[in-house]
Amino acid sequence: MLKIRSFSICIFLCVILSTNRIIASDYYSNALRIFSEGRFYSASIEFERALFYETDIIKIAWCKYYKSVCYKELGESKRALEELSGINPVSLSDSLFFLVRYEQSLCNYLNNYPVQSLWNIDEIRMRIPDSLKTIDIIPLNVLCLNSLRKWKEAKVLWNYFLDNSGLSDSARTVIRTEVYNLYDKRNIPKYHSTRKAEILSGIIPGSGQIYSGAFFEGSFNFVLNAAILGYSFYEFYTKYYFTGYIVGLSLFNKTYHGGIHRASLLADEKNLNALNKFNLKSAVLMMKVLELRSREKSLNSEYSDLKIKN
């Protein structure tokens, strides 16, 4: 009797698990269809439903990967990173590992974490040492190096990318000239030190903002601090010590230290904007390389077809 009961329980569990796998497969197929239509919010929900029923490790990894892509397309790259961090890389194939780590690297870059992005790229190179297979990660690698202001390393990687891009010699020469112009000292973004901005604002209120490029804000901060300090001295001169201290000096303390902190934030913001503009130029140049490569490939294939016909 005990054997019959155990056998019945095993059958019951097998039926439940089989049903769950069928349901998960249906949700996964539906999620892929919605994903292909560009409805990323709805697709993320469907992938979550598939995850609820799925038990296979590889299918779970695919669901999480596609769900992270949905979040990235929706502008929620931090949620995408959270989703990718839940994928166990040990059991993944090389192709899926490449997709997961590349997506993780891209999301880290979008979140202004270039160091973490480079770690993900190094993981790809360690797992897949074939340089021909990892040539596609070089553009993202260059953008991360630019963000870290490692101009020489980025320039070397650019040259390696061009040498292995498959472009004709004339096209490579044109692009290489543009790359050298891009990394010329005159075009490289100037670095504004946050420490220097703080020190300048500490010596002369508003000068740190002017150093960071905010001339009118810095001028206003100087006039405001001078007016408050002048008011405080006047109150002390007329023997209104309480008003001079509470109203004048207390307010000056806030505007003075607030100006120092604001100068630091403006320097960071200016550096980030300058790097983003520089990386945008780099990205446009990379797109140009990819377009030229696809164009040359199509021309070569058309030429070979004509040669075969003749």
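The values are calculated or read from the model by the stated rules, or taken from the named source; none is laboratory data. Because the structure is a prediction, the values reported are computed rather than measured. Cβ placement follows ideal geometry from the backbone for every residue including glycine, while neighbour counts extend to all protein chains displayed.
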> Which ones in region 173-206 are closer than 27 Å to S264 by Cα, among the aliphatic types (A, V, I, L, M) and touching a helix residue (DSSP H, G or I) at 6+ places or on another chain (Cβ under 8 Å)?
Replying inline: I188, A197, I199, L200, I204
> Looking at K67, K72, which is the one that is at pLDDT 90 or above, within 20 Å of the chain's Cα centre (by Cα), farther than 22 Å from S93 by Cα and part of a helix (DSSP H, G or I)?
Replying inline: K72
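Using the structure shown, decide if N253 is in a helix (DSSP H, G or I), modelled with pLDDT of 80 or more and within 30 Å of N181 (Cβ to Cβ).
Judged against the criteria, N253 is not a match.
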> If you go through region 185-205 one residue at a time, do you hit one that is under 24 Å from the mean Cα position of the chain (by Cα) and in a helix (DSSP H, G or I)?
Replying inline: yes
> Before we move on, is R33 buried (at least 19 other Cβ atoms within 10 Å of the Cβ) and either under 26 Å from R125 (Cα atoms) or of a type in the set (K, R) (or both)?
Replying inline: no
> Considering region 82-105 alone, what residues qualify as being assigned to a helix (DSSP H, G or I) and either surrounded by 21 or more Cβ atoms within 10 Å (Cβ to Cβ) or touching a strand residue (DSSP E or B) at 6+ places or on another chain (Cβ under 6 Å) (or both)?
Replying inline: E83, L84, V100, R101, E103, Q104, S105
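For the subset of region 266-297 comprising residues that are under 29 Å from I210 (Cα atoms) and small (G, A, S), which member is surrounded by the most Cβ atoms within 10 Å (Cβ to Cβ)?
A267
Based on what the data block shows, is I210 over 22 Å from the mean Cα position of the chain (by Cα), in a helix (DSSP H, G or I) and surrounded by 18 or more Cβ atoms within 10 Å (Cβ to Cβ)?
Values: over 22 Å from the mean Cα position of the chain (by Cα): yes; in a helix (DSSP H, G or I): yes; surrounded by 18 or more Cβ atoms within 10 Å (Cβ to Cβ): yes.
Judged against the criteria, I210 is a match.
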>> So, in region 119-140, how many residues would count as being among the aliphatic types (A, V, I, L, M) and surrounded by 19 or more Cβ atoms within 10 Å (Cβ to Cβ)?
In response: 5
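Is it true that some residue in region 271-294 is at pLDDT below 80 and under 17 Å from A227 (Cβ atoms)? Give the steps one after another, and end with the answer.
Within region 271-294, the subset at pLDDT below 80 is 293-294.
From what is left, the residues that are under 17 Å from A227 (Cβ atoms) are none.
No, that holds for no residue.
Consider Y71 carefully, then state whether it is in contact with a Lys or Arg (Cβ under 6 Å, 6 or more places away or on another chain), of a type outside the set (V, I, T) and surrounded by 20 or more Cβ atoms within 10 Å (Cβ to Cβ).
Details: in contact with a Lys or Arg (Cβ under 6 Å, 6 or more places away or on another chain): yes; of a type outside the set (V, I, T): yes; surrounded by 20 or more Cβ atoms within 10 Å (Cβ to Cβ): yes.
Yes.
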>> Is it the case, given these coordinates, that I9 is surrounded by fewer than 17 Cβ atoms within 10 Å (Cβ to Cβ) and either hydrophobic (A, V, I, L, M, F, W, C) or modelled with pLDDT of 90 or more (or both)?
In response: yes
> With respect to the numbered conditions (1) closer than 18 Å to V69 by Cα; (2) in contact (Cβ under 8 Å) with a residue 60 or more places away in the chain, which one is the sole condition not fulfilled by P139?
Replying inline: (1)
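Please determine, by comparing only the residues of region 142-153 that are free of Cβ contacts under 8 Å to residues at least 40 places away in the same chain and not in a loop (DSSP other than H, G, I, E, B), which one is surrounded by the fewest Cβ atoms within 10 Å (Cβ to Cβ).
So in region 142-153, the residues free of Cβ contacts under 8 Å to residues at least 40 places away in the same chain come out as 144-145, 148, 150-153.
Imposing the further condition that a residue be not in a loop (DSSP other than H, G, I, E, B) reduces the set to 144-145, 151-153.
Details: C144: 26, L145: 21, W151: 16, K152: 9, E153: 14.
Filtering region 142-153 for residues that are free of Cβ contacts under 8 Å to residues at least 40 places away in the same chain and not in a loop (DSSP other than H, G, I, E, B), the one surrounded by the fewest Cβ atoms within 10 Å (Cβ to Cβ) comes out as K152.
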